[in-house]
1. If you plug each phi of segment B:56-64 into the Karplus form 6.51 cos²θ - 1.76 cosθ + 1.60 with θ = phi - 60°, what whole-Hz ³J(HN,Hα) values come out, in order, with x for Gly and Pro?
2. With 19 Å as the limit, write out which pairs from B:K82/B:K122; A:K216/A:K341; A:K392/B:K5; B:K64/B:K116; A:K42/A:K360; A:K360/B:K286 have Cα-Cα distances beyond it, or answer none.
3. Just how large is the dipole of segment B:14-206 about the Cα centre, in debye to the nearest 20, putting +1 at every Lys and Arg Cβ and -1 at every Asp and Glu Cβ?
4. Could you tell me how far the Cα centroid of segment A:337-394 sits from the Cα centroid of segment A:170-188, in Å?
5. In peptide B:39-50, what is the residue-averaged number of other protein chain Cβ atoms found within 10 Å of each Cβ?
6. What's the ranking of A:183-193, A:199-209 by average number of surrounding C-beta atoms within 10 Å, highest first?
7. Enter the angle in degrees (range 0 to 90, nearest 10) between the Cα long axis of helix B:182-191 and the first principal axis of the Cα atoms of chain B, meaning the one along which they spread out most.
8. Taking the Cα centre of each part, how many Å lie between segment A:74-90 and segment A:110-158?
Amino acid sequence: MTHHIADSLPLSASQHAMWLLHTISGRGELFNVAECLAFQGKVAASVLQQAFDHVWLASNTLSCYFPHDDAYTPQLQPTDNTPAIEFIQLDCDIDDVAQYAQQFMAPKLGQSFDLSAQPLMQLYLLRGTSQDYLMILAHHLLLDGYGFGLFSQALNRTYNALMKGKPLPNLRFSNQQTLLQAQQETSYLTAQAAAGVTLNRWLDDIDVIHSFSDSKADVSMANTRLTEQFSRTQWHTIQSAAAQVSASSSEVLLAAIAASLVAKTKHYHVTLGLIMMNRQSMAELSTPCVQSNVLPLPLQLCENMTLQDLTVLINQQIRALKNLQSYRVESLKRDRQKQGKSLTVFGPTINLLPFSSNPKYAGVETHSHILSAGTTDDIMLQIHLLGDTPAKIDFDVNQARYLPEQVHTIQSHVFFAATYWADHPLISLNQLIHELEQGAHHVAR
Amino acid sequence: MSIPKLSHYPLPRTAQLPENRVDWQIEPERAALLIHDMQNYFIGFYGDNNPLIDAVVANIQALKSHCYENNIPVYYTAQPIKQGFNERGLLRDMWGDGLQDPAQQPVMDALQPTEKDIVLTKWRYSAFQKCDFETRLSDSGRDQLLIVGIYAHIGVMTTAVDAFMRDIQPFVIGDAVADFSYDEHTMALNFVAKRCGKVINTAEVLGSESLDITTLEGLKAHIIPLIDCEPEEFDEFESLIDYGLDSVQVMNLIALWQQQGIETNFIELAQIPTLSAWVELLEERKDD
């Protein structure tokens, strides 16, 4: 049973947006996120629980729930209740961790949290004969990708301290009050308002926004996922091409996605949705919460662009977008609605995930598997950037809008565009599109 | 049966080179440079405007100039065209007939031998086989061999092994050789470093310093071009996020530090986002 331990607090704009999505959609389970941490050995279960308790209580943005009043105004209600890790004994170790974890978590991912009455995180420690597996389920209202990273790192740090007999570490998380204060500063609000004006102007310059599908079918259907990883040789070529054109590997991938979209739609004005971290101040960087935002990244392409031309454009646009990231996408959509304009403010959503780390738990190595990083009503490409290890892309789609064979085609086009353009960085966008249309991607796979 | 079409990949940075078992030092009066098989035929498999080959050629040119300045003799190997059945031997079973077109036989234009250089005819993987290379080196008092060219895991590596077995110290220049793939390139360098020679980069031969991105100055020099800031205006105590450094650029740095055995992650760096704090963290991690 929860009990009142402090005054309730208002929500940040990001939290409020997520609360509204959950409440209005009636499909709260769509906003569940999950990760599996596979230990390459055994962990001390009671120490893990102790570590979790410490992390959970280190910020009221974690140890809270979100009740609302009769007028449907949500509040953040701090609580000192800590969820108990559920321990589950297995008969043996798991062979295919990613697949097993997906199956194990599927029913849990399919259940909605009760935002007003329960902690928004559940942990399960699956105990194999020689390995353990920690499954973490949370609501997106509690944590985004960066917030998940903050949480995971703190859990690791606390566990290791306890195992060494050291005192509990000071985690230095910020709390809800500090976060709200930072976001109420005049400079923050001024920049946010200016960002809204700029983003609306950007959208005014675009006729129609296209995605890989024209369907407007049910936006609350479940997502399906196709995952593909570049081979080492492909990735080395992409890295080499990136160095040659003075870009990052992720910019080459964004160029490939944009080119694939042009090939599909024949429109050279591409507007991707880019998930932004939206954390600038120390308060935002040290608060385990949801803060991310998704904003339009308009790219005006032309036929003769080379890989370098396009990566330079992408770099410039992302730099410009960084200054606008505090303006919420929900506010942008509201602006468009008020002006009688389309509510579609971007095409395919791109999520660059650089948060991967495989920390050791008292010497035991770990591998993390992101099972769900949120939902999409259209298509979202989650790009796992793993340093020198080849990048992996999850193609998450709303199954009401995309058939499995369509997703395979999109995946093969994006991979072909990335590897072919990296291999031939001097060819133009139109030459690349010609190769795509010739069906060369079938050979590339 | 022929060589496959080849792509490009990043050349290994100094921090990525394998640890050497030997601490031989290059002495100009003992050294010779071998530019291995940089013929149009072998280069052709990489296609035109290949950035890997462009980078390797630039490094070989710099090394060759350095050798000229230090009176280090320069040797080339080049395979002949239309080798007879017995001349080609088992290479035919492995690679087919090999070089047939006379236009493909010369060394590529950018590395054309001069009258000062010696071009050896290449018959087998090792440059020492079926030729007087060892005698030439011995006669000129050379017992150190700097090897550059293609392909790292075939002729370059085999020549290094052969040199070692003849008591000639082989130095393979890791960023002046190219291969079929990064993995084969790395395999060749690892083998040489662990079993028969020393692996170094061009900068070390030339005596130029490479950037140490774990120090304040090195990291500053690396980061400033990535952000919108003039060097004189940069403050190491200001937030790098405010300067516009993004998560992907941070990930690239993490990968570079990882190659030097320093483990960090994005989240911990984001919580202390100043250059000064990062250098402090790197110093701590170096001691771990």
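Taken together, the values in this text are just the output of simple stated rules run on the coordinates, not laboratory data. None of the values given here were measured: they were computed from a predicted structure. Cβ sites come from the backbone with ideal geometry, for glycine too, and all protein chains shown count toward neighbours.
1. My calculation for segment B:56-64 gives 5, 4, 4, 5, 5, 4, 5, 5, 5 Hz in order.
2. Working: B:K82/B:K122 13 Å; A:K216/A:K341 16 Å; A:K392/B:K5 25 Å; B:K64/B:K116 11 Å; A:K42/A:K360 12 Å; A:K360/B:K286 17 Å.
Result: A:K392/B:K5 exceed 19 Å.
3. Values: 16 positive and 26 negative charges, 89 e Å.
It works out to roughly 420 debye.
4. Cα centroid to Cα centroid, the span is 25 Å.
5. 1
6. Values: A:183-193: 12.5, A:199-209: 15.1.
My ranking of the peptides, most packed first, is A:199-209, A:183-193.
7. Value to nearest ten degrees: 80.
8. Each part reduced to its Cα centre gives a spacing of 9 Å.
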